[in-house]
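Below is one structure; the comments refer to it alone.
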Amino acid sequence: MQITSSLVSFVSVLWMTVFSPAECKGNTVSCRLWTEPQMPILSMDGDFVIGGIFSIHYSMRSELNTYTTMPAQPRCTGRQLRFARALEFTINQINNSTVLLPGITLGYQIYDSCSAIPISVKAAFQFANGLEPVFNVTDACLNSAAAAVPAIVGDSSSTPSIAMARTLGLFGIPQVNILCSHSATCACLSDKRQFPAFFRTVPSDEHQAAALARMVKYYGWSWIGAVRSDTDYGNYGMAAFLKAAQEEGICVEYSEAYYRTQPRSKLERVANVIRRSTARVIVAFLTSSDMKFLVEELIRQPLPPIQWIASESWIIHPDFLRFNICAGALGFGFPRSVIPGLPEFLLDLSPAQASTSPILTEFWESSFSCSLKGRTGMRECDGSEDIRALQNPYTDTSQLRITNLVYKATYAIAHAIHSVICNDTQCDKTNKFILDQLKRVNFTTKNGYEVNFDSNGDPVAVYELINLQFKKDVSVCSESCPPGTRKAVQKRRPVCCYDCIPCAEGEISNKTDYLDCVRCPPEFWPNAKQDICLPKPIEFLSWDDTLAIILTVVSITGAFMSVSVGAVFYKHRASPIVRASNSELSFLLLFSLTLCFLCSLTFIGRPSEWSCMLRHTAFGITFVLCISCVLGKTIVVLMAFRATLPGSNVMKWFGPPQQRLSVLTFTLKQAIICMIWLKVSPPFPFKNLKLYKDRIILECHLGSSIGFWAVLGYIGLLAVLCFVLAFLARKLPDNFNEAKFITFSMLIFCAVWITFIPAYVSSPGKFTVAVEIFAILASSFGLIICIFVPKCFIIVFRPTKNTKKLLMDLHIQHSTHSKSVSAINL
């Protein structure tokens, strides 16, 4: 306290030495001001006088100083009177309370800061030292209880508040206890080392900056401009916003600063930057007066639509509703409130009351364009003026935002004074030291708002979103990448400038502005928009497929044809041509052909574990049975030819028992191969994901390729052997044997299966199965047509050729031919 008192004494002496002449009388130094002190615009005496300073006029006229005469008192323009009157109303309400400060009267001294630092600092000194033109330095500056006011409400902007806080802080807590700024939102004021006696009823701008950055991010505005007041309010607030914006991934094209007292060229430069920029969203951390200058400059030339993101200082100011350029502005303001009794207090103003104060007189005369003081050039106010008929910010109490903060601040000071001077029985008017108690206030105002301060003197952050008008326009360097695309940053451009690249094949993005596309799982494929993965369609030769229907009809037709031939042969089984055709092998061949036609049906339908094993083994065994029968018939023809030679006894070695045994042996070998195949690595249903990218081929995997090719190779071996033997017997008499027809049938069979191999390997999807079915049907039809159709034609349509005599005549011809052959051989 001794150090603080010495510092205060030094500063006070320094200030008065600079600004006033000194008269030394012994050990006492008396000071007289060079000019009259600035008087409060509204005042009232009381036991405790609360200081108030507001930007009632929001701009100060510049005056040229000659430095040869005393400068004139500063003159201000513009008007915002409601805050000052709200302080009056609150103090009157407290004075009428029987609970808070009973028997104590609060007064007030309200100054106009004109939103200017010099005037605010001057008012701060007057709050500390009083209004006396002459005072004793020692008594006034070293007495901790000598301050003119115990606390101050104001200022209504940050930069003057900071200047006042720095000035008043030097005088120590006992003199000026608190500067309770209701709109001083600068984050710097939370620093208790610089501003130990500073409290506020609004949150720090750090909270507002973070909220603004989140709102910009929420609407997808990633490419913005930024302008700010070149003051502590604007600079600290914008710095906090830029930091929050960077964390949210928002890019800032430019950041410009302006203050209304700077040269007009600076204002024009800022406006031109806005006009030339590509960002259509602008975050404006400006005071209302600075914003007004900027808007008035911008509307001089046509400007594309702009989405303004506003700080609380101007978004709630009614003047900006008249600027079309500000339509659609978004921002955060202090919550609206209702103060019971305030509207009536504001409207309870008569010409007589207005005449008692210069500021009220100015308000009345400018509002009604008449004179209360008989000024020349103006009509006299005749008493018909009705303040309730006015439509201006003073009478508009629909959105009491900052006004409610004045109300809360004044009550906070009153509660602190009450806690310091009042006990259960009485109140002591002498104690004015309230700072420590002000740190601990915690109460609820009459209109339901909680009031308390944290360790930094800040309240809880509460904001209300203000949306002047809905807008759908978006300001971005690049439009958002829709689902199905990904962002690709443009070379040598900020990260907010990018191209939208369609996702690669098989990849999706299901949200906007994806950096990387995601590959679909193996059994899924993107839709046309590439924003969702859909299950791949499964493809196989189903029963309702057109191709499958055609193959089924052909297969059944072939089986019916085999049964029909069998019926014809059975009906004419005693005829010479049937008996000469080895009827037993013929019926077995027809049975095997029927099975061959029907086994093709096992290849149609959804592959399953059993159908995959059945289709390949049935195909392999039935075809070996078929070829074995043909081979048997071919050997019988050759043996019959050899049997007619003199001394030949070959037929007894290949009679019907041997023929049955050969067919059984050949077929049994194929059955063994199939059993080994099924035991070691059987076919199984398999989802082929590699053949097509956008669909799944459900097929029967061979399991063991060796098993499949062994089955197919064994069939081919028998077919080649049969073809060779039939080829050797092709020149025997036509009506005596079948060698020629067997030769043609085996030629067709081998041709079909030779062409099947490359077609099978190269056919995609379900067509692989179709090729295999086609090969089975084609080879089966080749056998039945070449071997049985000519005989059926003779039996049904040429019965005259189906006689024993004809066959005997042919036998004689054959014998003669055989003897000549034998003679040649001898």
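The numbers here are math on the coordinates, done by the rules we state, and not lab data. As the structure is a computational prediction, the values presented were derived from the model and not from experiment. Neighbour counts run over all protein chains shown; Cβ positions are idealised from the backbone, glycine included.
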Q) Relative to the present Cα-Cα distance, how much length would full extension add between Asn447 and Val462 at 0.36 nm per residue of separation? A) 3.8 nm
Q | Gain upon complete extension [Ser384, Asn92; 0.36 nm per residue less C-alpha separation] | A | 102.3 nm
(Q) With the cut-off at 1.5 for a/c, could you classify segment 485-535 from its C-alpha gyration tensor as rounded, prolate or oblate? (A) prolate
Q: Enumerate the aspartates and glutamates that Lys571 could reach by cross-link, defined here as Cα to Cα under 15 Å, with residues fewer than 8 away along the same chain left out.
A: Glu584
Q | segment 325-476: C-alpha gyration tensor shape, a/c 1.5 cut-off, then a/b vs b/c | A | oblate
Q: Take Val273, project a point 7 Å from its Cα along the Cβ direction, then tell me which residues of segment 212-228 have their backbone nitrogen under 13 Å from it.
A: 225-228
Q. If you find the alpha carbon centre of segment 344-369 and of segment 524-575, how far apart are they in angstrom?
A. 101 Å
**Q.** Positive-pole candidate from Cys517, Pro494, Leu534, dipole of segment 485-535, charges at beta carbon
**A.** Pro494
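Determine the shape class of segment 258-320: with a ≥ b ≥ c the square roots of the Cα gyration tensor eigenvalues, call it rounded for a/c under 1.5, and otherwise prolate if a/b is greater than b/c, oblate otherwise. Please list the in-between numbers first.
On the way: a/c = 1.68, a/b = 1.10, b/c = 1.52.
Since a/c reaches 1.5 but b/c is at least a/b, the shape of segment 258-320 is classed as oblate.
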Q.
Can you compute the label reach from Ser542? Point 7 Å from Cα along the Cβ direction, backbone N cut-off under 11 Å, restricted to segment 504-525.
A. none
Q.
I'd like the Karplus ³J(HN,Hα) series for segment 494-509: coefficients 6.51, -1.76, 1.60, θ = phi - 60°, whole numbers in Hz, and an x wherever there's a Gly or Pro.
A. x, 5, 7, 9, 8, 10, 9, 9, x, 4, 5, 4, x, 10, 9, 9
Q) Can you give the extra length, in nm with one decimal, that the chain gains between Lys511 and Thr68 once fully stretched, where that is 0.36 nm per residue apart less the Cα-Cα distance? A) 152.3 nm
(Q) For a 20 Å ceiling on Cα separation, which of these pairs sit above it: Lys690/Lys766; Lys243/Lys266; Lys529/Lys766; Lys122/Lys408; Lys217/Lys529? (A) Lys243/Lys266; Lys529/Lys766; Lys122/Lys408; Lys217/Lys529
Q. Of Gly341, Thr425, Ser357, which is farthest on the positive side of the dipole of segment 341-439, counting Cα position, with +1 on Lys and Arg Cβ, -1 on Asp and Glu Cβ, and the Cα centre as origin?
A. Thr425
**Q.** Subset of Lys536/Lys669; Lys511/Lys536; Lys633/Lys801 violating a 32 Å alpha-carbon distance limit
**A.** Lys536/Lys669
Q: Mind checking which aspartates and glutamates have their Cα closer than 15 Å to the Cα of Lys292? Skip sequence neighbours fewer than 8 apart in that chain.
A: Asp230, Glu268, Glu312, Asp319
